[in-house]
Amino acid sequence: MNMREKRKPESRFPLSLFGLYLGVLLLMSGIHTGLVTLVNENQWHSLIQIAVPSVYWTLVAAGLTYFTRSKIIKTYDQPMKELARAAEKVAQGDFSVYVPPIHTSNHHDYLDLMFLDFNKMVAELGSIETMRTDFIANVSHEIKTPLAAIQNYAQLLRKPGLTKEEQDAYISAILGSTHRLSALVTNILKLNKLESQQITPQMEAYDLCRQLSDCALSFESVWEEKKIDFEVEMEDRAIIRGDESLMELVWNNLLSNAFKFTEPGGRVSLIQTFDGETVTVCVSDTGCGISKEALAHIFDKFYQGDTSHATEGNGLGLALVYRVLQLMGGTIEVESEEGKGTAFTVKIPVGKENKKNLKADEQEKTV
């Protein structure tokens, strides 16, 4: 429960102010009656009898008008002008703007809450702008790297007298750079669609164990080449409800990282369990591990903790994994120790409603 739910914001014009107006008007009315009585008793000239109440109420009206105007200026006009000036600065790209609340936290009114929301919005806009700038800078850097490699190797191919082996090596390098560039663009588009919610998950029941097996087998050549001990423990069948194509991105990225960062002769394990409420998948390795500093940014876009493998990826894989699991209602945790390895644990909850849908989907497929 937040502060707004705990306590109703105070009004800019409390009842006490209207009580003050009522009291003043009643007092002025009483004084008016006394003046009229005084004039009548002294039998002053008729013009004076007219002039005295008129001058009196003119002064009263002027005083009340001045008081009301100053109250409106102080209560609304000045704060809103300050907010307007701050909004103009934000529109010009200044996200360091801060509008201080008028009252202390225990006496906040609606304008104070508006200012707090404005400050929060500006802070988030500043964060988004920083992320956008970093994103553009990173994309530019990531695109320039393979393009520069392609250009360099293409120039080398123009040299006369190259051997067949040299030509094949340069062509392979060019193809590798084009594949990396293609993967970068593909991942950027996928991540952009996920973050802007242009991809609507197609939720349906499917066998997670079958999917895990298919993904693992696609890396068979990798673990055989590096002589990695690949251990798998999973149930015969585990039906979950989710978007199969999006979840494939999760397992491929986690397994790819595990095999990539594990040295030849190391060990990678894939373990799947189900406790009746949650399906858990753990992908662990005995690779180089991740530092504590890198762990804090492991799911950030373009972040690569191990720069020795920078040419093998673009730092978008785990960002994609994190966003997909958010859409699926799942979570991911990472434990790592430098020099000993890393373990990623994915948990996919299977609630009561989900269980009903799974049973219904299974029955439909059986029929």
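Taken together, the values in this text are just the output of simple stated rules run on the coordinates, not laboratory data. For clarity, every value in this text was computed on a predicted model and none was experimentally measured. Note that we place each Cβ from the backbone using ideal geometry, even for glycine, and neighbour counts take in every protein chain shown.
Which distance in nm do the two modelled labels at GLU225 and GLU293 give, with both placed 7 Å along the Cα-to-Cβ direction?
3.2 nm
Provide the gained length on full extension for the span GLU166 to SER29, in nm with one decimal, where the gain is 0.36 nm per separating residue minus the Cα-Cα distance.
Numbers: separation 137, 0.36 × 137 = 49.32 nm, distance 10.58 nm.
Extending this stretch completely gives an extra 38.7 nm.
Any idea how far apart SER54 and LYS144 come out in nm if each label point goes 7 Å out from Cα toward Cβ?
So the label points at SER54 and LYS144 sit 8.2 nm apart.
Relative to the present Cα-Cα distance, how much length would full extension add between GLU333 and HIS107 at 0.36 nm per residue of separation?
Values: separation 226, 0.36 × 226 = 81.36 nm, distance 4.15 nm.
Value of the extension gain: 77.2 nm.
Taking Cα centroids, how far is region 63-121 from region 257-277 in Å?
Answer, in whole Å: 55.
How far, in nm, would the chain grow between LEU20 and ILE72 when pulled straight, counting 0.36 nm per residue and subtracting the alpha carbon separation? Spell out each step's value before the answer.
Numbers: separation 52, 0.36 × 52 = 18.72 nm, distance 1.52 nm.
Stretched fully, the LEU20-ILE72 segment lengthens by 17.2 nm.
What translational D, rounded to a whole number of µm²/s, comes out for region 83-123 from Stokes-Einstein when the hydrodynamic radius is the Kirkwood one over Cα pairs, at 37 °C and 0.692 mPa s?
Working: Rh = 10.5 Å.
Translational diffusion coefficient: 314 µm²/s.
So which of LYS227/LYS347; LYS292/LYS340; LYS144/LYS292; LYS164/LYS227; LYS81/LYS120 end up more than 21 Å apart, counting from Cα to Cα? Provide the component values of the computation, followed by the final result.
Numbers: LYS227/LYS347 29 Å; LYS292/LYS340 13 Å; LYS144/LYS292 30 Å; LYS164/LYS227 30 Å; LYS81/LYS120 19 Å.
In this structure, LYS227/LYS347; LYS144/LYS292; LYS164/LYS227 exceed 21 Å between Cα atoms.
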